[in-house]
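**Q** Quick one: the structure is below, and I'll ask about it shortly.
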Amino acid sequence: MQRGTNLGRLGGYNQAVILDAIRRAHEGVARVELVELTGLSPQTISNVVRRLVDEGLVREDRKAVSGPGKPRTLLKLEVSSRFAIGIHLDPALMTLVMLRLDGEVVASARHEMPVVGQPDRTVEAMADRVRELIAETGVAREKILGIGVAAPGPIDEPRGIVVGPPMLHGWERVSLREPLHKLTGLPVLLDKDVTAAAVAELWASERTTPENFAFIYLGTGLGAGVVLQGEVLRGSSNNIGEIGHYPTQLEVPECYCGRRNCVGMALAFRTLIQQGIDAGLFPQDQDLSGLAETTAAVSRLCMMAKDGRPEAVQICDRAAGQLGAAVAHVANLLDVERIIFGGPLWDGLVDFALPRLRREIQDRFVAHAIHGVVVEGSGLGHQVGALGGACLVLDHALSPKASGLLLGSRT
Ligand SMILES: [Zn+2]
């Protein structure tokens, strides 16, 4: 059953199908080709295209001549006719982006998270940052389709609530969607950060065949976003991808789940820093008071590993080995063609961790006689969560896929 939403699609199903076909044709597409691509009648195409042109979403471009008959007018997406805003809520940082209809970034911003433990203030700050972003770009408000929030899970999506994410202390049950909608007047969607990251990858993909991949998100938490046969999977309650509790062979500090061998804890900032202290890489009184301090220390550890310092290489390589073994299970469970790593911690790890991860995953991949599994880093960088938030909005407004309708804000 589809839920009501205050972020509607731009027109009906046929319009979404036609807009999708125009969006994908970078060089433009003629009406006659749309008939072929969509299976809709010439009359329907003609009516819908006229409406899209009237609404400023599509423009008539140059004429193309091919073969006999009169030249065909090519239709193109009017990329600056609408915009989407994405916010990634991370325990340490709030990242915002604004995208055009074709997914290009027109503006972005990063802010330290204000006063963790006071969710009301954070939601107000989110609204303020959105207003600043809109003012900075000069984009007319009515052109903004909505805001997509990528938040650490678990989330209670039907209620628009974040439910006690492990690193956001004081956020036991925090309503995000309705307050942000009230403060900004814009439609708001909410999804898990890892799922949003997978949506961003899907939008960035140039592949013509349906995608099959898992996006492994490395940040203050560890999670997976999943795309199979070109569809983003979300699970029964939008909380898919909690891989942080896969067991490792290491004894690591106690996880919030109560166990002492969770892979998420093996990769947790504090675990890695403690190993650095034990190895003499950091002073015994290393400042671990806040997220900014721990994030900076992990970046330093990654730099030391990159520079070849043996103790740091050993710590990071061991973490990568454990991660690779866990992710191999994901690859086998889902029979994916690609494993994509990304997120804030990934940037530091990529250089020396990728070969080890490739080895661990590919050695364990069972279907290798049928097809390989590509293991790579995301090209979307540290903004991937925020990009995903904005792509949720674009997906919801533009995509004819049913899954694009599952997230919505009831008002
Ligand atoms: Zn655990």
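**Q** Any idea which residue in segment 285-302 is modelled with the lowest pLDDT, counting only those that are part of a helix (DSSP H, G or I) and polar (S, T, N, Q)? Don't jump to the end; show me each part of the working.
**A** Let us first name the residues in segment 285-302 that are part of a helix (DSSP H, G or I), namely 291-302.
Then keep just the ones that are polar (S, T, N, Q); that gives 294-295, 299.
Details: Thr294: 83, Thr295: 80, Ser299: 85.
Across segment 285-302, the extreme among qualifying residues is Thr295.
**Q** Let me ask another. List pairs: first in segment 130-146 and open to solvent by 80 Å² or more (accessible area, probe 1.4 Å), second of a type in the set (A, V, I, L, M), Cβ under 7 Å, 6+ apart or cross-chain?
**A** Note: pairs meeting the criteria are Glu136/Ala107; Arg141/Ile134.
**Q** Output the number of the condition that Glu172 fails; it satisfies all remaining conditions of (1) surrounded by fewer than 18 Cβ atoms within 10 Å (Cβ to Cβ); (2) farther than 22 Å from Gly223 by Cβ.
**A** (2)
Conditions tested, residue by residue: (1) closer than 25 Å to Ile277 by Cβ; (2) of a type in the set (A, V, I, L, M).
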{"site": "Ser299", "(1), (2)": "yes, no"}
{"site": "Cys316", "(1), (2)": "yes, no"}
{"site": "Leu323", "(1), (2)": "yes, yes"}
{"site": "Ala326", "(1), (2)": "yes, yes"}
{"site": "Glu360", "(1), (2)": "no, no"}
{"site": "Gln383", "(1), (2)": "no, no"}
{"site": "Cys391", "(1), (2)": "no, no"}
{"site": "Asp395", "(1), (2)": "no, no"}
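**Q** Determine, yes or no, whether Glu360 is touching a residue at least 40 places away in the same chain (Cβ under 8 Å) and open to solvent by 60 Å² or more (accessible area, probe 1.4 Å).
**A** Numbers: touching a residue at least 40 places away in the same chain (Cβ under 8 Å): yes; open to solvent by 60 Å² or more (accessible area, probe 1.4 Å): no.
It is false that Glu360 is touching a residue at least 40 places away in the same chain (Cβ under 8 Å) and open to solvent by 60 Å² or more (accessible area, probe 1.4 Å).
**Q** Residues that are within 17 Å of the chain's Cα centre (by Cα) and in contact (Cβ under 8 Å) with a residue 40 or more places away in the chain: find the strands (runs of 3 or more DSSP E) completely inside segment 61-101 holding 3 or more of those.
**A** 83-89, 93-100
**Q** Among the listed residues Ala198, Ala214, Ala204, which satisfies the condition of being of a type in the set (A, V, I, L, M) and surrounded by fewer than 18 Cβ atoms within 10 Å (Cβ to Cβ)?
**A** Ala204
**Q** I've got another one for you. Take segment 29-54 and flag every residue that is outside any helix (DSSP H, G or I) and in contact (Cβ under 8 Å) with a residue 40 or more places away in the chain.
**A** At the first step, the residues of segment 29-54 found to be outside any helix (DSSP H, G or I) are 29-30, 39-41.
Answer for segment 29-54, where residues must be outside any helix (DSSP H, G or I) and in contact (Cβ under 8 Å) with a residue 40 or more places away in the chain: Val29, Ala30.
**Q** Quick check on segment 63-74. Is at least one of its residues closer than 22 Å to Ala397 by Cα and either modelled with pLDDT under 90 or of a type in the set (Val, Ile, Thr) (or both)?
**A** no
**Q** Anything in segment 128-178 that is among the charged types (D, E, K, R) and outside any helix (DSSP H, G or I)? List them, or say none.
**A** Within segment 128-178, Asp156, Glu172, Arg173 qualify.
**Q** Out of (1) open to solvent by 60 Å² or more (accessible area, probe 1.4 Å); (2) more than 28 Å from Val336 (Cβ to Cβ); (3) within 16 Å of the ligand (Cβ to nearest atom); (4) not aromatic (Phe, Trp, Tyr), the odd one out for Glu293 is which?
**A** Condition not satisfied by Glu293: (3).
**Q** Across segment 220-250, what is the number of residues that are within 16 Å of the ligand (Cβ to nearest atom) and not aromatic (Phe, Trp, Tyr)?
**A** Residues that pass the stated criteria total 15.
**Q** For segment 251-290, which positions are in contact with an Asp or Glu (Cβ under 8 Å, 6 or more places away or on another chain), more than 10 Å from the ligand (Cβ to nearest atom) and open to solvent by 60 Å² or more (accessible area, probe 1.4 Å)?
**A** Across segment 251-290, the qualifying residue is only Asp287.
**Q** Do you know which residues across segment 1-32 are open to solvent by 60 Å² or more (accessible area, probe 1.4 Å) and modelled with pLDDT of 90 or more?
**A** Arg31, Val32
The values are calculated or read from the model by the stated rules, or taken from the named source; none is laboratory data. Treat the numbers as computed from the prediction; the structure is a model and nothing was measured. Cβ sites come from the backbone with ideal geometry, for glycine too, and all protein chains shown count toward neighbours. Quick note on the areas: whole protein, heavy atoms, side chains included, nothing else; ligands and nucleic acids left out. Shrake-Rupley method; radii C 1.70, N 1.55, O 1.52, S 1.80 Å.
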